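The values are calculated or read from the model by the stated rules, or taken from the named source; none is laboratory data. Note that the structure is a prediction, hence the values are computed from the model and not measured. Every residue, glycine as well, gets a Cβ built from its backbone with ideal geometry; the counts of neighbours run over all protein chains shown. We work out accessible area using only protein heavy atoms, side chains counted, and drop any ligands, DNA or RNA first. Shrake-Rupley method; radii C 1.70, N 1.55, O 1.52, S 1.80 Å.
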Amino acid sequence: MMYYFFLVISIALVITALLSIYFRDLLAAIVSYSVFSLVLTVLYFLLDAPDVAIAEAGIGAALTTCIFVIAIRMTRRREE
Amino acid sequence: MSAIVLYVTFILLLTIGIIALLFKRNLIKIVLAFNILDSGINLFFIALGYRENAMAPIFTPAPLDSVITMVLPTPQALILTNIVIGFATTALMLGVSVLTYRNNNTLDTRKLRGVEEYD
Amino acid sequence: MRLLSVVAIVILFGFLFVGILHLHPVGEALGNSEVLQGRPELGIDINGVSTMDDYFLRNGQIETKSNNIVASVVFDYRGFDTLGEATVLFIVVSSISMLFFTFLKSKSIVSAGVPPAGQFPKIESRVITFGSFIMYIMILSFGVYLVVHGHISPGGGFQGGSVMASATALLLISFLITRHMQRTRKIFSFFESLGLTIFIGLGFAGITISFLYNFLAHTSTGFGRIIAFGPNQGYLISAGILPLLSLAVGIEVFFGLSLIVVTLFHVSGVKDTNSLR
C-alpha cells in the first residue's frame, strides 16, 4: 500500500526536477525546485524521518528559493 | 519492482543532475543541478534506513508494547546535517557566480574571459 | 566529444542500476528490528545486536537519557562530527563576507530595494509590514519550541535554526531591517560566533573523561534525571548536555543562515563600482 504513495511521489519528483532543468526562465526553474523540495518533504515524512522533513521544509522550500531569487536579481533572469 | 522504486528515483535524479552539470552553460542552472543531485543522494540515504511498518526513532509517542520496530537513526542524523551544509555551500557557489557575472558581464561558461582561447 | 559523454553517462546509469539490484529492498533494512526485546532495566543490552543502529536504538535512551534517538546520535554519539559541521557553516559564512568585502564597505547604495540611510523605503504598506511582523513572531516561537524540545520530540538545533532563519527572509521582504543593515550584520556575526564558542566550551567541560563527554547525564539530578525506560512522556530538563548543545547549535545555525541571506541581500543593493574589475 505504501509503495503506491512512493510511486506517485517519485513520479512527481522526477517531473519537477526535469521541469527545473528544462525552463529557460530561471525564476520558473527555481519555483519548480521549490515544489520539488516540498514534495521531497512529504516523502521524508512518509519514510518516518520527521527531523529531516522539518529541516528540508525550512531549508529547501524557503531559504534556497530566497537566495536564488536574490542571485537572479543581481544577474540576469533569462538563460541565454 | 515495487520494492526498488525509491532507488530508481535516486538513479533518475542523479542522472538528471549529472547531465545538467555537463551540458548546461548557465552558472545558476549548474548550481540548481548540483542541488538536485544533492537531494537525490539524501533521498537514497533515507531510503536505505527505512523499515516497513516501523515508526520514527522517537520514544515519546510510542505505543506501550513490549516489542517496537523503529527505522534506522544514523542515516537520518547524517542527512540532517548534510541539508544545512548543502545550503551553505549553495550560497557560496551563488556568491562566486555573482562575482563572475560582475567581472565578465555574462553567466555563460563558454563566454568567460580566458576560455575562448582554449576552445 | 558529446557522443563520448553520452556513452559515459549510459555506462554510469548501467552501473548504478546493476548496483541497486544487489541492495536490500526498500523497507527491509538490515539488523534485528525489535527494539525493546530484552527490556534491560538499567543496563547495556548487546544481546542480538547485529548493527550499529540497533545498538543505538536499544541503548540510546539508557545511555543519553534522551527520547529522540536521532538527537542523541547527532549530539552525543557523533558529537565530534557535528562540531565539524558547525565549523564548516562558520567558515562558509566568513568566506561569503570575505568575497563581498569591497561591496559591503561601499557607500554607494542604489535604491533597488535598499533605501538610503535615514529615508523610508519606496514600498511602504502597513498591511505587509504588520503582517510580516506578526508572522515573524509566530515562526520564531515555533523555531524556539523546536530547539528547546529537541530531545523529546522531532526537532533540534539544526531544524529549529533553519525554521527561524526562514523568518529572517520575511523581514527582508517587508523592509523591516534594511535600514540598519551594517548594525544587523554585526549583531548576527557576534551571536554566530557565540554559538560556536558555547559548543566548544561545553565540549571542553567534560575533558577529564574525553572531549564532548556527556558529563551531566550521570548525576541523577537536574539535567541527569533518570527517566523511565521505554515509551514515556519525557521531561524538559533531562538528557544531560544534549539540550545545551542543541541550543548552541540552534543559535549558530539561526544567525549563520540569517547572515548569509542578509549579506547577499545587502550586496544586491550595492551599485557595482570599485569591485575587482
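What the table shows:
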quantity	calculated
Every pair of residues 6+ apart whose Cβ atoms lie under 6 Å, when the first sits in segment C:81-96 and is closer than 19 Å to B:Leu78 by Cα while the second is buried (at least 18 other Cβ atoms within 10 Å of the Cβ) and charged (D, E, K, R)	C:Ala86/C:Glu252
Qualifying positions in segment B:9-44 - touching a residue at least 60 places away in the same chain (Cβ under 8 Å), assigned to a helix (DSSP H, G or I) and within 7 Å of chain A (Cβ to nearest Cβ)	B:Ile28
Cross-chain or 6+ apart pairs with Cβ under 6 Å, segment C:137-163 first and over 20 Å from C:Leu83 (Cα atoms), then of a type in the set (Asp, Glu)	C:Pro154/A:Asp51
Of all residues in segment B:68-88 being assigned to a helix (DSSP H, G or I) and under 9 Å from C:Asp53 (Cβ atoms), the one that is nearest to the chain's Cα centre (by Cα)	B:Pro75
Residue within segment A:18-34 that is within 17 Å of B:Ile41 (Cα to Cα) and within 14 Å of chain C (Cβ to nearest Cβ) present	no
Which numbered condition A:Ile11 fails, given (1) modelled with pLDDT under 90; (2) open to solvent by 30 Å² or more (accessible area, probe 1.4 Å)	(1)
Pairs where the first residue, in segment C:185-197, is closer than 10 Å to C:Phe90 by Cβ and the second is open to solvent by 40 Å² or more (accessible area, probe 1.4 Å) and assigned to a helix (DSSP H, G or I), C-beta under 7 Å, 6+ apart	C:Glu192/C:Phe90; C:Gly195/C:Ile251; C:Leu196/C:Phe90
Counted residues, segment C:234-248 - those being open to solvent by 10 Å² or more (accessible area, probe 1.4 Å), hydrophobic (A, V, I, L, M, F, W, C) and modelled with pLDDT of 85 or more	2
Residue tally, condition under 10 Å from the mean Cα position of the chain (by Cα) and open to solvent by 30 Å² or more (accessible area, probe 1.4 Å), over segment A:40-61	1
Breaking point among (1) in contact with a helix residue (DSSP H, G or I) (Cβ under 6 Å, 6 or more places away or on another chain); (2) part of a loop (DSSP other than H, G, I, E, B), for B:Thr60	(1)
From the options C:Leu21, C:Leu12, C:Leu3, C:Leu16, residue that is within 8 Å of chain B (Cβ to nearest Cβ), at pLDDT 85 or above and loosely packed, with under 14 Cβ neighbours inside 10 Å	C:Leu21
Residue in segment B:28-61 that is nearest to C:Ser153 (Cα to Cα), counting only those that are at pLDDT 90 or above and open to solvent by 20 Å² or more (accessible area, probe 1.4 Å)	B:Phe45
The lone exception for B:Asn104 - which of (1) open to solvent by 10 Å² or more (accessible area, probe 1.4 Å); (2) at the interface with chain C (Cβ under 7 Å from one of its Cβ atoms) it fails	(2)
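Each row is one residue, and each column tells you yes or no for (1) under 27 Å from A:Phe68 (Cα atoms); (2) out of contact with any Cys (no Cβ under 6 Å at 6 or more places or on another chain); (3) surrounded by fewer than 22 Cβ atoms within 10 Å (Cβ to Cβ).
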| position | (1), (2), (3) |
| --- | --- |
| C:Arg183 | yes, yes, yes |
| C:Phe199 | no, yes, no |
| C:Gly203 | no, yes, yes |
| C:Leu212 | no, yes, no |
| C:Phe223 | no, yes, yes |
| C:Gly230 | no, yes, yes |
| C:Gly250 | yes, yes, no |
